[in-house]
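A short worksheet on the structure shown next.
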Amino acid sequence: MSLTPHRVLLLGSNGYVGSQFLCELGARGHEIVAPRSRELNLTAFDAVIAALREIKPAFVFNAAGYTGKPNVDACEADRAGTLLGNVMLPQTVSQACAALGIPWGHVSSGCIFSGARLRQEDGTVVTLKDLTRPSIREWVRQHRDQVIGFTEEDTPNFSFRDGPCSFYSGTKALGEEAIAHAGQGYIWRLRIPFDNLDNPRNYLSKLRTYPKVYDNFNSISHRGDFVRACVDCWEKGIPWGTYNVTNPSFVSTAEVVDLLRKTIDPNRDFQFWADDAEFYRQAARTPRSNCVMDPGKLLRAGIQIRSVTEALEHSLADWIPA
Ligand SMILES: NC(=O)c1ccc[n+]([C@@H]2O[C@H](COP(=O)([O-])OP(=O)(O)OC[C@H]3O[C@@H](n4cnc5c(N)ncnc54)[C@H](OP(=O)(O)O)[C@@H]3O)[C@@H](O)[C@H]2O)c1
């Protein structure tokens, strides 16, 4: 429970991420105003200003956005909707907040990056966008501590400015640009959410239902840990700005599959795509982001978030089937 409960505005409260904010903010005793999209047009500046004037929130949590269902391929088929949800919407909300001096937090994504930075033997650091080549994959496995995640200082490299990228990722990067200087706010980068609740949106559930699994390296975010960390940012009053909110370190899909086999899926025969070419030929329409993120800025600001291994192990130990 927060020491000082506040009235907050929560956008996207019925979504996969927003519903977790609803639980967390409620558990901390805050008064939550959570309009649905049909009740408040979040891309109409005048409507948002009027709502803010009426509600007078101490903070606005924006978990509304356009993700594409069942996956980002769907965004290619509705580009206008994707642009509206991921660029116009956060821009309108943050500008309205800025005009009235209300601080805000926006859920962005780590999917605006691809690959990782690798420290070579001579100490030089190279950025590789694609870690799937067999030789690179092996190098990463043997030199985990030489893999450096992208920081908030790095420019997105899976975006319209540095393509190719998916239309979804392009709009998420553009959305960050559109709001970066609007008043006082946080941009929280979420990456591949998972937890212990079986759900079509949960990364662990997804891996269990794919006909074949795409092996790659990623930093990922436990949904509850992510939301706790975001709310902590506001409650603790850490400096405004962008934060990578992923559980520290990274995992390969093969490692997660191993954990699934050891826990809830001992008898499942997981199949892997042979390579990128097969995956993109048969299973995906648009490029996927796979990347390693560095949450160091968040940790240095005093926000705690457990390691990815711990978060995965606890999720599988407490697994609740749908
Ligand atoms: N899930 C992921 O894997 C993931 C990963 C990284 C980042 N993110 C980001 O996290 C945020 C939430 O994602 P999610 O997975 O929770 O999505 P979700 O389950 O699809 O929920 C999206 C929410 O946004 C609202 N929304 C969408 N378009 C809107 C519009 N034009 N006007 C008003 N509200 C609108 C929806 O409200 P209605 O249902 O009322 O329309 C819903 O509450 C997004 O910004 C997404 O990019 C998600």
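No lab work stands behind these numbers, since they all come straight from the coordinates. Just so it is clear, the model here is predicted, and its values are computed rather than measured. A quick note on method: Cβ atoms are made from the backbone with ideal geometry, for glycine too, and the neighbour counts reach across all protein chains shown.
Between the helical axis of 253-262 and the longest alpha-carbon principal axis of the chain there is an angle of about 80 degrees. A DSSP coil position with no more than 13 other Cβ atoms inside 10 Å describes none of the trypsin sites (Lys or Arg not before Pro) in segment 163-195. Computed from the Cβ-Cβ distance with R0 of 45 Å, the FRET efficiency linking residue 77 to residue 143 stands at 0.65. Label sites at residue 240 and residue 41, each approximated as a point 7 angstrom past Cα along Cα to Cβ, lie 2.8 nm apart.
Angle between the Cα long axis of helix 223-236 and the longest principal axis of the chain, 0 to 90 degrees, nearest 10? The two axes meet at around 40 degrees.
For every other residue with a beta carbon closer than 12 angstrom to the beta carbon of residue 273, add +1 if it is Lys or Arg and -1 if Asp or Glu, then tell me the sum. Mind dumping the intermediate values first?
Working: positive: 212, 281, 288; negative: 215, 275, 276, 278.
The answer is -1.
Under 16 Å of direct C-alpha separation, and excluding same-chain neighbours fewer than eight residues apart, residue 236 reaches these lysines: 297. Give me the angle, in degrees from 0 to 90, between the Cα long axis of helix 167-179 and the longest principal axis of the Cα atoms of the chain, rounded to the nearest 10. Once rounded, the angle reads 40 degrees.
Taking amide H positions as modeled 1.01 Å from N, with prolines and chain starts lacking one, the residues under 5 Å from residue 104 and 5 or more places away or on another chain are 60, 184, 185, 186. Computed over neighbours whose Cβ is under 11 Å from that of residue 106, the net charge equals +1, Lys and Arg +1, Asp and Glu -1. Straight-distance candidates among the lysines for linking to residue 69, with alpha-carbon spacing under 20 Å and chain neighbours fewer than 8 residues away dropped: 172, 206, 212.
Highest mean packing comes first when the peptides 113-121, 57-65, 299-307 are listed by Cβ atoms within 10 Å, giving 57-65, 113-121, 299-307. Projecting the Cα positions of 210, 295, 251 onto the charge dipole of the chain (unit charges on Cβ atoms of Lys, Arg, Asp and Glu, taken about the Cα centre) puts 210 furthest along the positive direction. Rounded to the nearest 20 debye, the dipole size of the chain about its Cα centre is 400 debye, using +1 on the Cβ of Lys and Arg and -1 on the Cβ of Asp and Glu. A convex hull fitted around the alpha carbon atoms of segment 94-225 yields 153 Å³ per residue.
Backbone geometry of segment 117-134 corresponds, through the Karplus equation with coefficients 6.51, -1.76 and 1.60 at θ = phi - 60°, to 3J(HN,Hα) couplings of 9, 10, 8, 7, 4, 7, x, 6, 10, 10, 9, 10, 7, 10, 9, 8, 4, x Hz, x marking Gly and Pro. The chymotrypsin sites (Phe, Trp or Tyr not before Pro) found in segment 172-264 include none that occupy coil by DSSP while having at most 10 further C-beta atoms within 10 Å. Stokes-Einstein diffusion for the chain, with the hydrodynamic radius set to the Kirkwood value over Cα pairs and evaluated at 25 °C in a medium of 0.890 mPa s, equals 121 µm²/s. For segment 18-31, putting each phi into the Karplus relation 6.51 cos²θ - 1.76 cosθ + 1.60 with θ = phi - 60° gives couplings of x, 5, 6, 4, 4, 5, 5, 5, x, 5, 8, x, 7, 8 Hz, in residue order, rounded to whole numbers and with x for Gly and Pro.
Placing a label point 7 Å from the Cα of residue 261 along the Cα-to-Cβ direction, the residues of segment 114-142 with a backbone N closer than 18 Å are 138, 141. In the chain, helices alone account for a calculated mean residue ellipticity at 222 nm of -10500 deg cm²/dmol, with every DSSP H run of four or more residues adding -39,500 (n - 2.57).
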